[in-house]
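Nothing in this text is a laboratory measurement; each read-out follows from the coordinates by a stated rule. Here the structure is a predicted model, which is why all the values come from computation and not from measurement. Glycine gets a Cβ as well: all are built from the backbone with ideal geometry, and neighbour counts include every protein chain shown.
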Amino acid sequence: MKYKWLNLKKNREVIIFFNGWGMDESVIKHLNYGSYDVLMFYDYNTLDTDFDFKSLEKYEKRYLIAWSMGVMTASLFNIDYARKTAVNGTLKPIDNKFGIPERIYDLTVRGFNEKGRERFMRSMFSEASPLPEVKRELENQKSELSALKNYLSNESFKYDKVLISRDDKIIPAKNQSAFWNIEPNLEGGHSPFLLFKSWEELL
C-alpha cells in the first residue's frame, strides 16, 4: 500500500483518505484543504506499508474519508478516528448483494485492458464530467483488482456518515443501500467529488 501527503502544513487535525481502486490524487486534487493536513493511501496491491502510523498520534483529531474499495481497506487498519465517512463503498465490496456482483468483478479482472480501463473510467463519472488523468500503469491496476479479492474487511468497523450516489454504475446503489440500510443521498455517479469544493464538506 502506498501513501502520499497531499497537504502537510503542521495543522492540528488530519484527514486520512483511503482512495478507490486504481486511483491516485487526480480525482480529488480540486478539493480545498482548509485547516487540515491530508494523507492519502492508495494502490492496494499489498497491505504492507512503511508508513509510521504512530506519527498520526501527534494530531489532536484524525478523520477518515474512504471511497469505494477504500471503505473496506480502511477497516483493516487500527487508527483512532474522531469521525469516519464512507463514500460509495461497503465493507463487502465484492458481493452479489452488498457490492459489485462477483461474476461482473471476475469478468472485469479477466478482460482488463486499455479499452476496459477507459470504459471503467467513463462509468465512474457523468457524461458531462471531464475524466481525471490517472497516472497508474495498466498492469499495476489489474494486479490490484486481483489482490483486493483476497482481503476480508473488519465487519465490526463502524462509519459515522455514509454517502451513496443514486447513479453509481460501479457499486450499484441498491446494493450499497442494502448494506447500510439507508437510501441514496447524493446525485451523480461513483466518483462524486466534483459535487464538493472542500474536504471539510465530506466530514
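Here is how the numbers come out for the structure above:
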| read-out | value |
| --- | --- |
| Residue in region 118-171 that is farthest from the chain's Cα centre (by Cα), counting only those that are of a type in the set (A, V, I, L, M, F, W, C), in a helix (DSSP H, G or I) and over 19 Å from Phe196 (Cβ atoms) | Leu138 |
| Close pairs (7 angstrom Cβ cut-off, 6 or more residues apart or separate chains): in contact (Cβ under 8 Å) with a residue 12 or more places away in the chain in region 20-41, buried (at least 21 other Cβ atoms within 10 Å of the Cβ) and among the hydroxyl-bearing types (Ser, Thr, Tyr) anywhere | Gly20/Ser68; Trp21/Ser68; Met23/Tyr42; Asp24/Tyr42; Val27/Ser191 |
| Restricting region 19-39 to residues that are farther than 16 Å from Val134 by Cα and among the aromatic types (Phe, Trp, Tyr), the residue that is surrounded by the most Cβ atoms within 10 Å (Cβ to Cβ) | Tyr36 |
| For Met72: the one exception among (1) under 15 Å from Ser156 (Cα atoms); (2) surrounded by fewer than 16 Cβ atoms within 10 Å (Cβ to Cβ) | (2) |
